[in-house]
Amino acid sequence: MSNWQRYTEYKQSLSPLMRTLLQTGELVVIVVVVLTLFSALVGTSSATLTLQDDSLVLSSGDDLSVEVAYGDIQSVTLEEVPDSFGTCVDGKEGRSYAYGVWQSDTWGEYILAAKTNLTQVIVVRTEEQTVVFNYESDDVTAQLYDYFLEMATE
């Protein structure tokens with residue numbers, strides 16, 4: 001039995017209150033990862049993350065602000081990075097990162113926060129926006145995607 005299966009069984013054996021507390025802890029881990037990702041890509045100490053009752057807000061000193069309402073998420077997919085992220089509409093691209101508002105044939109107009117040397121991204125779609133990001137490595141990005149799927153099924 002894998003560690004993930006053992007963990008899932010363990011969670012099911014907990015009381016409802018303990019499961020809620022554990023899920024809150026898992027959400028805190030996601031928030032820390034997203035904040036770390038955003039801060040590393042933006043490269044500014046003024047990057048902030050605000051958890052609201054109904055949404056997650058990322059912002060930076062570069063006037064980039066992204067709000068994703070939890071209830072508005074329509075899909076989360078793990079995708080291969082196309083040959084190009086497209087055209088930067090409002091953002092920045094360095095040797096190893098790209099972020100901001102971008103336009104491409106693949107995703108239309110979207111918010112990007114990605115390391116450019118990776119081959120996979122997580123794509124979060126709502127009716128109004130698409131957010132594309134990756135983290136640290138392709139393996140970690142895939143693990144984050146699996147974790148989002150697990151959270152979505154609970």
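The values are calculated or read from the model by the stated rules, or taken from the named source; none is laboratory data. Every value quoted in this text rests on a predicted model; they were computed, and no experiment measured them. We place every Cβ from the backbone using ideal geometry, glycine too, and count neighbours over all the protein chains shown. These area figures cover heavy atoms from the full protein model, side chains too; ligands, DNA and RNA do not enter into them. Shrake-Rupley method; radii C 1.70, N 1.55, O 1.52, S 1.80 Å.
For segment 71-87, what are the residues that are in a loop (DSSP other than H, G, I, E, B), open to solvent by 80 Å² or more (accessible area, probe 1.4 Å) and of a type in the set (S, T, N, Q)? Explain how you work it out, then say what you get.
Here is the first cut: in segment 71-87, the residues in a loop (DSSP other than H, G, I, E, B) are 73-74, 81-86.
Cutting the leftovers down to open to solvent by 80 Å² or more (accessible area, probe 1.4 Å) gives us 74, 83.
Result: Gln74, single match.
Take the residues in segment 71-87 that are of a type in the set (A, V, I, L, M) and more than 17 Å from Gln129 (Cβ to Cβ), then tell me which one is modelled with the highest pLDDT. Walk me through it before giving the result.
At the first step, the residues of segment 71-87 found to be of a type in the set (A, V, I, L, M) are 73, 76, 78, 81.
Now drop any that are not more than 17 Å from Gln129 (Cβ to Cβ), which leaves 78, 81.
Values: Leu78: 95, Val81: 92.
Ranking the qualifying residues of segment 71-87, first place goes to Leu78.
Of all the residues in segment 97-154, those that are part of a loop (DSSP other than H, G, I, E, B) and either modelled with pLDDT of 80 or more or open to solvent by less than 70 Å² (accessible area, probe 1.4 Å) (or both) number 14.
Quick one: in segment 60-70, which of the residues that are more than 20 Å from Tyr135 (Cβ to Cβ) and assigned to a loop (DSSP other than H, G, I, E, B) is modelled with the highest pLDDT? Checking each candidate, the answer is Asp63. On inspection, Asp90 qualifies as at pLDDT 70 or above, acidic (Asp, Glu), in a strand (DSSP E or B) and over 14 Å from the mean Cα position of the chain (by Cα).
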